[in-house]
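Reading through the structure tokens given below for one structure.
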Amino acid sequence: MAMNLTRKILSAHLATPSDMRPGEEILIHVDQTLTHDINAVMTYLAFEAVGLDRTQVETSVSYLDHNLLYLDHKTPDDHIYLQSVARKYGVYLSRPGNGICHTVQIARFGKPGKLSMGGDSHTPHGGALGMLCIGVGGMDVATAMTGVPMRLKMPEVVCVRLKGMLRPGVNAKEVILEMLRRNGVKGGLGKVYEYVGEGAANLEVNQRVTITNMGAEMGATTSVFPADEQVRRFLKAQGREQDFTELLPDPGCAYDDEMEIDLSALEPLCACPHQPDNVIPLREVEKKKVQQVFIGSCTNTSYADVAKAALILKGRHVHPDVSCTCGVSSKQIYRQLLDDGYIGMLMDAGVRMLEISCGPCCAIGQSPATDGIAVRTSNRNFKGRAGNPTAQIYLVSPESAAATAVTGTFTAAEEILSDEEMAALAAIREPDSYPVDDSMILPPLPPEEAAQVEIIRGPNIAFLPVPDAPEQNLKAAVSLKTVDNITTDDITPASAEFSSMRSNIPLMSKYCYHRYDPSFAERARAMGKSIIIGGENYGQGSSREHAAINPMYLGVKMVIAKSIARIHKGNLVNHGIIPLVFDDPADYDRIDQGDELEVCNLPDQIKTRCVEVRDLSKNLTFRARLELSDGEIEVISNGGQLRTLKKQLREMGKIQ
């Protein structure tokens, strides 16, 4: 039977036979895992607790790339711990300064046809190589590292047919912003977007990554491109042509849905505050005064992205009222840009070059001013995402960001460039070879040497909290009622300061919902146990499982929402918080913060996936459902994934 690319890769990784019907749970084998520093400590604490002596997948990589701003001892302590754990358990370690995890992963480890799970929501970045790369929580990464087959709800596969070619000054960023404009921030839930057609064939790998990376903003399971000649060229430029395997959808294969985008019809777009789907043409954005421009992040700092920005700035200067910074996504790309003169162009124009890291994208440095207007090439513009809840964040392409930096207001490249300069812009492409230097990637030690490694734990590295199984009768008050589109940034704030706390849950939990409701943590702790009421798309955004661990540690037993984002729902399950969805969304309006709720015979009701909840304060009853698979029901019933995983490994004879 003719198969699309997504089904081909999944069928090759099935642990048990399956018809792969959308919505049904399948079990799959994982080839690669990745973690990054501000989420990874919890992952490796969980892997330590399991008791295996080595990762059981082909390739596991730990990246020290997000928080390189050492405010005090906490982050360096984390990095030393992560390096020692990598040496102990057979994990590659990419050292600080080598590059952002997604950029380095596709350059040095990615292979067509492989299946990867990463502890970061933008793991789908790797789909540009013809891989299936899925963002998950840290506990899921730890589980994958044990070699246990992973649960996945079989997604619908949506064919996105691209035709035409991008015009000069129009970036692949416009493709994904157009997708967000059409589908919204939750339109991709339960879906894989598979990009095909002549337009897809015209896009280089480092253009494709912008599209697959930001598919996470639609809530998609992942996104993928064929492994074609563009992928061959990319791997050859990395000195890894031997890792190329052509992987295409079969002629005449079926899809669950289809859509089309004409690349030649796209124009510069902009995602306006405070959601990445709030997309309009850049020409329609009010010409406000811009204080800050950031060209950076894994999403849009490929070689060609930065080179184009530099050409736009060449012979010009950053506006006097604008602070413009650039953070290149890897040492490899930085070296090539430096050799070719583009870094000099940026510096001559008044651009400040930042450390090679995620940095401002996750509020680690370069926070905007009070009520500031910031224009960025990164992937998210949630309120507070950049570190200042009063700021307004706009997302654009590198070309538009560079032009905006020059004029001091929202500007497309074509508005300030001559025809000759536009032609030069169109001529830029990725290099035929990149400088390859893997000296900043520490390879795994042989097993006999790894066994002698001592894991180093600084004082900031606390224990991993483990939840209890659900109690028979739950009676608890509502500690918080939230609005729609609550993000994991709202639950566990970003920034260098807060990110450095993530290996210390007792400390981090004090700041749970700190920017949304500063009184939440103290109130929840005082209640002992409680329930959170959420609106639509609860827990969207980053994969950080701390947004589940911190509430669990504070006694939250249940979240009842109108809908729950995919990765966050998985994290709630893994950490023992019961994720319920209102049967009737109107019931959300009937419940208030402080109401006392009761659920009788909870373990039995969980098994039926339908739970009756009584609001004792208002003397009313409503129903909510568990949109979970059999495997997830088992995890919730056991009291989280760690307890379930240990039980599974004992039954398999892998641990005692």
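Among the criteria (1) within 20 Å of the chain's Cα centre (by Cα); (2) under 21 Å from L177 (Cα atoms); (3) among the hydrophobic types (A, V, I, L, M, F, W, C), the one L282 does not fulfil is (1). Listed by first and then second residue, the pairs with beta-carbon distance under 6 Å, at least 6 apart or on different chains, first residue in region 321-334 and assigned by TED's automatic domain parsing to the domain that holds C362 and among the basic types (K, R), second buried (at least 24 other Cβ atoms within 10 Å of the Cβ) and at pLDDT 95 or above, are K331/N98; K331/G99. The residues of region 111-155 that are surrounded by fewer than 24 Cβ atoms within 10 Å (Cβ to Cβ) and at positive phi, listed by number, are G113, G147.
Please verify whether P226 is surrounded by 16 or more Cβ atoms within 10 Å (Cβ to Cβ), under 26 Å from the mean Cα position of the chain (by Cα) and closer than 24 Å to A401 by Cβ, treating the condition exactly as stated. Lay out the reasoning, then the answer.
On the way: surrounded by 16 or more Cβ atoms within 10 Å (Cβ to Cβ): yes; under 26 Å from the mean Cα position of the chain (by Cα): yes; closer than 24 Å to A401 by Cβ: no.
So P226 fails the test.
Any idea which residue in region 522-550 is modelled with the lowest pLDDT, counting only those that are among the aliphatic types (A, V, I, L, M) and touching a Ser or Thr at 6+ places or on another chain (Cβ under 6 Å)?
A547
Is one or more of the residues making up region 369-387 modelled with pLDDT of 95 or more, under 30 Å from R233 (Cβ atoms) and in a loop (DSSP other than H, G, I, E, B)? Yes, that holds for at least one residue.
Being in contact with a Ser or Thr (Cβ under 6 Å, 6 or more places away or on another chain), not in a loop (DSSP other than H, G, I, E, B) and not assigned by TED's automatic domain parsing to the domain that holds A363 is true for just one of S479, S509. Which residue is that?
Values: S509 fails: in contact with a Ser or Thr (Cβ under 6 Å, 6 or more places away or on another chain).
Result: S479 is the single residue among S479, S509 that is in contact with a Ser or Thr (Cβ under 6 Å, 6 or more places away or on another chain), not in a loop (DSSP other than H, G, I, E, B) and not assigned by TED's automatic domain parsing to the domain that holds A363.
The residues listed here are N485, N460, N473; of these, the one that is within 24 Å of the chain's Cα centre (by Cα) and either surrounded by 17 or more Cβ atoms within 10 Å (Cβ to Cβ) or within 30 Å of L602 (Cα to Cα) (or both) is N485.
Counting only residues that are part of a helix (DSSP H, G or I) and crowded, with 18+ Cβ neighbours inside 10 Å, which one in region 569-595 is farthest from the chain's Cα centre (by Cα)? Write out each step before concluding.
Let us first name the residues in region 569-595 that are part of a helix (DSSP H, G or I), namely 569-574, 585-590.
Pick out the ones that are also crowded, with 18+ Cβ neighbours inside 10 Å and you get 569-574, 587-588.
Values: K569: 14, G570: 14, N571: 13, L572: 16, V573: 18, N574: 18, D587: 31, Y588: 28 Å.
Among those that are part of a helix (DSSP H, G or I) and crowded, with 18+ Cβ neighbours inside 10 Å, it is D587.
Results for (1) surrounded by 24 or more Cβ atoms within 10 Å (Cβ to Cβ); (2) at pLDDT below 95; (3) outside any helix (DSSP H, G or I), shown as yes or no for each residue.
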{"position": "M259", "(1), (2), (3)": "no, no, yes"}
{"position": "R283", "(1), (2), (3)": "no, no, no"}
{"position": "I295", "(1), (2), (3)": "yes, no, yes"}
{"position": "C298", "(1), (2), (3)": "yes, yes, yes"}
{"position": "V306", "(1), (2), (3)": "yes, no, no"}
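Inside region 443-469, residues that are part of a loop (DSSP other than H, G, I, E, B) and either farther than 30 Å from I531 by Cα or in the same structural domain as V559 (by TED's automatic domain parsing) (or both) make up a count of 13. Of (1) closer than 27 Å to N485 by Cβ; (2) among the basic types (K, R); (3) outside the structural domain of I373 (by TED's automatic domain parsing), K288 satisfies all except one. Which? Here K288 meets the rest and fails (3). Do we have P249 as outside the structural domain of H122 (by TED's automatic domain parsing) and either at pLDDT 95 or above or touching a helix residue (DSSP H, G or I) at 6+ places or on another chain (Cβ under 9 Å) (or both) here? No: the conditions fail for P249.
Determine whether I560 is in a helix (DSSP H, G or I) and among the β-branched types (V, I, T).
Values: in a helix (DSSP H, G or I): no; among the β-branched types (V, I, T): yes.
So I560 does not fit the description; no.
When residues in region 541-556 are screened for being surrounded by fewer than 24 Cβ atoms within 10 Å (Cβ to Cβ) and more than 28 Å from L34 (Cα to Cα), 1 of them pass. Residues in region 99-157 that are more than 23 Å from L189 (Cα to Cα) and of a type in the set (A, V, I, L, M, F, W, C): I100, C101, V104, I106, A107, F109, A142, M145, V148. Is it the case that N278 is modelled with pLDDT of 95 or more, closer than 18 Å to V185 by Cα and not assigned by TED's automatic domain parsing to the domain that holds V185? Yes: the conditions hold for N278.
From D53, D19, grab the single residue that is among the acidic types (D, E) and more than 26 Å from C159 (Cβ to Cβ). Before the answer, list the steps.
Values: D19 fails: more than 26 Å from C159 (Cβ to Cβ).
Selected residue: D53, the only one of D53, D19 that is among the acidic types (D, E) and more than 26 Å from C159 (Cβ to Cβ).
The set of residues in region 399-415 that are touching a Cys at 6+ places or on another chain (Cβ under 9 Å) and closer than 21 Å to N213 by Cβ comprises S400, A401, A402.
If you go through region 32-50 one residue at a time, do you hit one that is closer than 30 Å to N4 by Cβ and either aromatic (F, W, Y) or assigned to a helix (DSSP H, G or I) (or both)? Give the steps one after another, and end with the answer.
Here is the first cut: in region 32-50, the residues closer than 30 Å to N4 by Cβ are 32-35.
Then keep just the ones that are either aromatic (F, W, Y) or assigned to a helix (DSSP H, G or I) (or both); that gives none.
No, because not a single residue in region 32-50 is closer than 30 Å to N4 by Cβ and either aromatic (F, W, Y) or assigned to a helix (DSSP H, G or I) (or both).
Scanning for something more than 21 Å from the chain's Cα centre (by Cα) and touching a residue at least 40 places away in the same chain (Cβ under 8 Å), does region 378-389 turn up at least one residue? Steps first, answer last, please.
Of all residues in region 378-389, those more than 21 Å from the chain's Cα centre (by Cα) come to none.
Within region 378-389, not a single residue is more than 21 Å from the chain's Cα centre (by Cα) and touching a residue at least 40 places away in the same chain (Cβ under 8 Å).
Listed conditions (1) farther than 18 Å from E545 by Cα; (2) under 20 Å from the mean Cα position of the chain (by Cα); (3) surrounded by 24 or more Cβ atoms within 10 Å (Cβ to Cβ) are all met by R108, apart from (3).
Count of region 262-275 residues, restricted to those that are more than 30 Å from Y538 (Cβ to Cβ) and surrounded by 14 or more Cβ atoms within 10 Å (Cβ to Cβ), is 4.
I'd like to know if region 212-223 contains one or more residues that are surrounded by fewer than 21 Cβ atoms within 10 Å (Cβ to Cβ) and not in a helix (DSSP H, G or I). Looking for residues that are surrounded by fewer than 21 Cβ atoms within 10 Å (Cβ to Cβ) and not in a helix (DSSP H, G or I), one finds none in region 212-223, hence no. Return the residues of region 410-442 that are among the polar types (S, T, N, Q), in the same structural domain as G384 (by TED's automatic domain parsing) and surrounded by fewer than 18 Cβ atoms within 10 Å (Cβ to Cβ); say none if nothing qualifies. Scanning region 410-442 gives a single hit, S418. Of all the numbered requirements in (1) of a type in the set (S, T, N, Q); (2) surrounded by fewer than 22 Cβ atoms within 10 Å (Cβ to Cβ); (3) closer than 18 Å to P459 by Cα, T75 misses one, and that requirement is (2).
Kindly indicate the residue of region 381-409 that is among the β-branched types (V, I, T) and closer than 19 Å to N278 by Cβ and also surrounded by the fewest Cβ atoms within 10 Å (Cβ to Cβ) among those meeting that condition. Filtering region 381-409 for residues that are among the β-branched types (V, I, T) and closer than 19 Å to N278 by Cβ, the one surrounded by the fewest Cβ atoms within 10 Å (Cβ to Cβ) comes out as T390.
Among residues of region 487-511 that are closer than 19 Å to L572 by Cα and modelled with pLDDT of 90 or more, those with a beta-carbon under 7 Å from a residue that is buried (at least 24 other Cβ atoms within 10 Å of the Cβ) and of a type in the set (D, E, K, R) at least six positions away or on a different chain give the pairs T488/R544; T492/R544; M508/R502.
Within region 522-537, no residue that is not assigned by TED's automatic domain parsing to the domain that holds I591 sits with its Cβ atom under 9 Å from a residue that is buried (at least 24 other Cβ atoms within 10 Å of the Cβ) at 6+ positions apart or across chains.
The values are calculated or read from the model by the stated rules, or taken from the named source; none is laboratory data. These figures come from a predicted structure and were not determined experimentally. Note: ideal-geometry Cβ built from the backbone for every residue, glycine included; neighbour counts use all protein chains shown.
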